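Here the structure is laid out as structure tokens; the discussion comes afterwards.
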Amino acid sequence: MPKTRQSGKWFVVVNIYAASKKAGKKWRRAKEMLENHGVECEYALTGKTGTAESLTRQACAQGYRRFIAVGGDGTVHDVLNGIMRFVEAPDPVAGAGDFTLGVIPMGSGNDWIKSLGIKKKIKSAVSVIVAGKTGRQDVVRVRCSAAASDSAAESVSYMVNVGGIGIDAKVCSIVNHDKKQGKRGKLLYVMALLQSIRERVPSRIKVVCDGEIVYEGNYLSIAFGVGRYSGGGMRQTPAAVLDDALVDMTLIPDIPLMRIARELPRLFTGTFLKVKELVVSKSSHVEVVPLESSDLVEVDGEVVGHSPAVVEVVEGQINVLVP
């Protein structure tokens, strides 16, 4: 691919609504730091749903190949999806490996950076960008129904961290609603989890991993990820590896409420997989088929549709900035 004037310049997407709408002010500090270190970048401000994705895709078409998401996991998700929709468009002119993704974290969860080892402080995140060290990580494509009543209408999303179906997605739906009401803090995830467990309605599904049926029956929640953290620090896929070309899946069957309450702390200690009832797998392709009602699907904390869903590792890895 021929280089353009933009190939070596960073395109920065700034979510001004992140950090309780303080991201704009924090970005000015980060921008000054980057300029003092001679980091060349172009930036765009966003705050409306979907704008970050479209801005990123436009920048890809203009020749930009290095991107920084300024915001939380939702902003990272949007920037990634802008890149991948450009990469997977008909007659693509670039692959995932031609792109580099970095982050200046300013969200309430900031879960993806935990697996990368990036600290939340602005100065630390800027130093990672200045150093320019990169690693490679998998990108996962998630295909699901765009609406519960229309399985023919497909939604396609991409992720670099953790997604889920059932209670996992219900938690994201509640948290995102609360954030729109101006609420903030990691406690939002815990309260949403407790509410979702109280209101749980088990449904029957079939799960197929790399062509093999691994579960059929009632379930409460499924998490699938290449990252280890989600929901403000919960560890539903604590053994996931960012670059092993596999998706870790953790399925919670329909188990008694008291059993759930007893094991709940393990979500935050990295020992969740010790719960014997869980169904776990590592595979490159996961298919979730509802046998009764359809459930919500979330990707990197964003609700993207309903089951049925197909989760698969994309061919080729993206470059990511690492400490």
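Below is a table of values for the structure above.
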| quantity | calculated |
| --- | --- |
| Efficiency of FRET between A146 and M258 - r from beta-carbon atoms, R0 41 angstrom, step 0.05 | 0.65 |
| Cβ-derived FRET efficiency at R0 51 Å, S127 paired with S293, nearest 0.05 | 0.60 |
| Acute angle (nearest 10 degrees) that the helix 167-180 long axis makes with the longest principal axis of the chain, alpha-carbon atoms | 50 |
| Choice from S124, S307, S203 showing the highest fluctuation, given a GNM over the chain with Cα pairs closer than 10 Å | S124 |
| Of all accessible heavy-atom area on segment 89-200, the percent that carbon and sulfur account for (1.4 Å) | 52 |
| The chain - Rg over Rh from alpha carbon coordinates, Kirkwood radius | 0.96 |
| Restricting segment 180-236 to GluC sites (Glu not before Pro) in coil, as DSSP defines it, with at most 13 other Cβ within 10 Å | E199 |
| Additional length obtainable on full extension of the chain from V322 to E32, 0.36 nm per residue less Cα span | 102.3 nm |
| V93/S155 FRET efficiency (R0 22 Å; Cβ-Cβ; nearest 0.05) | 0.35 |
| Relative contact order [Cα under 8 Å, 6+ residues apart], the chain, whole percent | 21 |
| Heavy-atom surface of segment 3-149, accessible at 1.4 Å and reported per residue (Å²) | 45 |
| Those trypsin sites (Lys or Arg not before Pro) in segment 242-323 that DSSP places in a loop and that have at most 15 other beta carbons within 10 Å | K276 |
| Over segment 76-161, relative contact order from alpha-carbon pairs under 8 Å, at least 6 apart, % | 27 |
| Added length on full extension, which subtracts the Cα-Cα distance from 0.36 nm per residue, Y43 to V279 | 80.6 nm |
| In segment 259-299, GluC sites (Glu not before Pro) in a DSSP loop with at most 15 other beta-carbon atoms within 10 Å | E277, E292 |
| Extension gain (nm, one decimal) between N218 and T134, 0.36 nm per residue minus Cα-Cα | 26.0 nm |
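The values are calculated or read from the model by the stated rules, or taken from the named source; none is laboratory data. Since the structure is predicted, the reported quantities are computational estimates derived from the model, not experimental observations. Glycine also receives a Cβ, built like all others from the backbone with ideal geometry; neighbour counts cover every protein chain displayed. Ligands, DNA and RNA are stripped out before the accessible areas are found, and what is left, the full protein with its side chains, is counted by its heavy atoms. Shrake-Rupley method; radii C 1.70, N 1.55, O 1.52, S 1.80 Å.
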